[in-house]
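Reading through the structure tokens given below for one structure.
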Amino acid sequence: MIKNTLFLDALKGKNVKRPPVWMMRQAGRFLPEFRALRDKYDFFTRCKTPELAAEITMMPVKRFPIDSAILFSDILVVPQAMGLNFEMKESVGPYLQNPIASKQDVERLQNPPIEESLGYVLEAISITKELLHNEIPLIGFSGSPWTILCYAVEGKGSKTFDKAKSFCFKNPEWAHLLLQKITDYTIQYLLKKVESGVDAIQIFDSWGGLLSPKDYEEFSWRYIDQIVEVLATKVPVIVFGKGCWYALPTMSQSKASALGVDWTITPQKAREFSGEAITLQGNFDPAKLLSTPKNIYSEAQQMIRDFGVQRYIANLGHGILPNVPLENAEAFIRAIVEFRE
């Protein structure tokens, strides 16, 4: 039995004495111990070596009184397993030499058994669960099919993903074929993660906000919802769509246990749009962690007052930035842990 159930209780809508807290990308570049490992091993070596992934997952757990761990991995391990040879290039980020450009490219995508193609992730979960000693829950995650399509078609990161969007608008049949393939494989992957021991799932739709509300429904939400429908019968599912505040009314009708929100919507509006009856997670602007510990502490506590203690998980509105001082991250977490109504 997990000793600290605050995170899971909030996902289930149970009454809690304070909100749980964790931070997206909490096992990341702002930690000196992470940077030390980064200098020894390249990015995907860290992802694909179960012992390293588990060690990195545990780094923030050892440092801060967070209420959940999230497995160190990457959303691109799924398209890699399907046959897209993503690499992580210095000063470029994710890079794919031969992006998807035709229906044939989509049809060539593979569907290998998860244990063979992504067994290293499942092993990392087992090792991490042992290291956690049932102290706190473990989150597993995937990218949304739309966000993975963005990288698979664009071939690298982009502020606008125009190439990916034009692929969908010019060739909707190819796009839907690709999105369905990614969806089906992601479901298989996440089910195996649950079997291996994760206690909750988060779906990251990092680029959903680039779509209009109508296009979001067509090219993103309908595929996320398929994943939620299957996974929600097994574990709580959090859906985080960056810039997708307009979709909160639709998302809140799904079987998701919680919705992540970014800083472009007020807590009050997020509650209003989601109908008050679902757990919300977020939405501290990560850049605000670059202010002072005193300001961070004060604003984080105000965030709780704005969202309300119940049905709420304190988090950032996106991943923590690499240049955030440790004492500032600590001030954020301490503000939540020490909150009293």
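The values are calculated or read from the model by the stated rules, or taken from the named source; none is laboratory data. Since the structure is predicted, the reported quantities are computational estimates derived from the model, not experimental observations. Methodologically, a virtual Cβ is constructed for each residue, glycine included, from the backbone with ideal geometry; neighbour enumeration extends over all protein chains shown. For accessibility, only protein heavy atoms count, side chains too; no ligands or nucleic acids. Shrake-Rupley method; radii C 1.70, N 1.55, O 1.52, S 1.80 Å.
Of the set (1) small (Gly, Ala, Ser); (2) part of a loop (DSSP other than H, G, I, E, B); (3) within 20 Å of His318 (Cα to Cα), all apply to Ala10 but (2). No other residue among Ile336, Ile313 is closer than 25 Å to Ser274 by Cα, over 18 Å from the mean Cα position of the chain (by Cα), among the hydrophobic types (A, V, I, L, M, F, W, C) and not in a loop (DSSP other than H, G, I, E, B) apart from Ile336. Go through region 64-120 and give me each residue that's open to solvent by 70 Å² or more (accessible area, probe 1.4 Å), in contact with a Lys or Arg (Cβ under 8 Å, 6 or more places away or on another chain), within 22 Å of Ile187 (Cβ to Cβ) and assigned to a loop (DSSP other than H, G, I, E, B). Answer for region 64-120, where residues must be open to solvent by 70 Å² or more (accessible area, probe 1.4 Å), in contact with a Lys or Arg (Cβ under 8 Å, 6 or more places away or on another chain), within 22 Å of Ile187 (Cβ to Cβ) and assigned to a loop (DSSP other than H, G, I, E, B): just Asn111. Looking across region 253-286, just one residue is under 16 Å from the mean Cα position of the chain (by Cα) and at positive phi, and that is Gly282. Taking the residues in region 13-53 that are in a loop (DSSP other than H, G, I, E, B) and among the hydroxyl-bearing types (Ser, Thr, Tyr) as candidates, determine which candidate is most open to solvent (accessible area, probe 1.4 Å). My answer is Tyr41. Can you find a residue that is under 17 Å from Leu76 (Cβ atoms), in contact with a Lys or Arg (Cβ under 7 Å, 6 or more places away or on another chain), touching a residue at least 12 places away in the same chain (Cβ under 8 Å) and not aliphatic (A, V, I, L, M) anywhere in region 130-141? The answer is yes, given that some residue of region 130-141 is under 17 Å from Leu76 (Cβ atoms), in contact with a Lys or Arg (Cβ under 7 Å, 6 or more places away or on another chain), touching a residue at least 12 places away in the same chain (Cβ under 8 Å) and not aliphatic (A, V, I, L, M).
Of everything in region 297-312, what is closer than 20 Å to Val239 by Cβ and either among the hydroxyl-bearing types (Ser, Thr, Tyr) or open to solvent by 30 Å² or more (accessible area, probe 1.4 Å) (or both)? Give them in sequence order. Gln310, Arg311, Tyr312 - these are the residues of region 297-312 that are closer than 20 Å to Val239 by Cβ and either among the hydroxyl-bearing types (Ser, Thr, Tyr) or open to solvent by 30 Å² or more (accessible area, probe 1.4 Å) (or both). Hey, any hits in region 272-280 for a residue that's in a strand (DSSP E or B) and modelled with pLDDT of 95 or more? Checked region 272-280: at least one residue is in a strand (DSSP E or B) and modelled with pLDDT of 95 or more. Under the condition of being in a helix (DSSP H, G or I) and touching a residue at least 12 places away in the same chain (Cβ under 8 Å), the residues counted in region 289-310 number 14. Within the bounds of region 239-256, is there any residue that is of a type in the set (Gly, Ala, Ser), assigned to a loop (DSSP other than H, G, I, E, B) and crowded, with 24+ Cβ neighbours inside 10 Å? Yes, the conditions are met somewhere in region 239-256. Selection of region 169-218 for residues being closer than 19 Å to Leu109 by Cβ, among the charged types (D, E, K, R) and surrounded by 17 or more Cβ atoms within 10 Å (Cβ to Cβ) yields Lys181, Lys192. Might you let me know whether region 286-296 holds any residue that is open to solvent by 40 Å² or more (accessible area, probe 1.4 Å) and in contact with a strand residue (DSSP E or B) (Cβ under 8 Å, 6 or more places away or on another chain)? There is no residue in region 286-296 that is open to solvent by 40 Å² or more (accessible area, probe 1.4 Å) and in contact with a strand residue (DSSP E or B) (Cβ under 8 Å, 6 or more places away or on another chain).
Residues in region 265-276 that are surrounded by fewer than 17 Cβ atoms within 10 Å (Cβ to Cβ) and touching a residue at least 40 places away in the same chain (Cβ under 8 Å): Thr266 only. The residue that is farthest from Phe7 (Cα to Cα), among those in region 125-157 that are open to solvent by less than 30 Å² (accessible area, probe 1.4 Å) and among the polar types (S, T, N, Q), is Thr147.
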